[in-house]
Amino acid sequence: MSDRSVYSTLAYQAYGRELPLAEIRRINDWAIRGCWPDLAVLIHVEVSTLDERMKARTKDRIERESAAFHDRVRAGFVALAAAEPDRFVVVDGNA
């Protein structure tokens, strides 16, 4: 079990950094020897809720990225979940 997975790499590198998704997927498939997670949990939180929660934190390098970057990452996670609905569980994290 992990709080990060290959899907984080796909979302941040392919979607956020706009690197070729197929290439990032191929490299990661090699790195994990084809052992993809059986289950991925996507905790979906509205941007306004995240902004409020992040106010009290010291942001790291990734957290300081632009709103456009984070929008691409968010869209990437949503796209990944939509592409593999049998593997992903989407949970409302706003509460």
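Listed values, structure above:
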read-out	value
Enumeration of residues in the range 1-12 that are free of Cβ contacts under 8 Å to residues at least 60 places away in the same chain and closer than 12 Å to Leu80 by Cβ	Ser5, Val6, Ser8, Thr9
Where a residue in the range 13-34 is farther than 19 Å from Arg61 by Cβ and its partner, wherever it lies, is surrounded by 11 or more Cβ atoms within 10 Å (Cβ to Cβ), with Cβ under 6 Å and at least six apart	Leu21/Ala14; Ile24/Leu10; Ile24/Gln13; Ile24/Ala14; Asn28/Val6; Asn28/Thr9; Ile32/Val6
Odd one out for Arg17 among (1) more than 23 Å from Asn94 (Cβ to Cβ); (2) of a type in the set (Lys, Arg); (3) at pLDDT below 95	(3)
Selected residue (criterion: least open to solvent (accessible area, probe 1.4 Å)) from residues of the range 48-67 that are touching a helix residue (DSSP H, G or I) at 6+ places or on another chain (Cβ under 9 Å) and without any contact (Cβ under 8 Å) to a residue 24 or more places away in the chain	Glu63
Selection from the range 9-41 of residues that are aliphatic (A, V, I, L, M) and either over 26 Å from Arg64 (Cβ atoms) or open to solvent by 70 Å² or more (accessible area, probe 1.4 Å) (or both)	Leu19, Ala22, Ile27, Ala31, Ile32, Leu39, Val41
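The values are calculated or read from the model by the stated rules, or taken from the named source; none is laboratory data. These numbers were taken from a predicted model, which means no experiment stands behind them. All Cβ positions, even for glycine, are placed from backbone atoms using ideal geometry, and neighbour counts span all protein chains on display. What goes into the accessible areas is simple: the full protein's heavy atoms, side chains included, and nothing from ligands, DNA or RNA. Shrake-Rupley method; radii C 1.70, N 1.55, O 1.52, S 1.80 Å.
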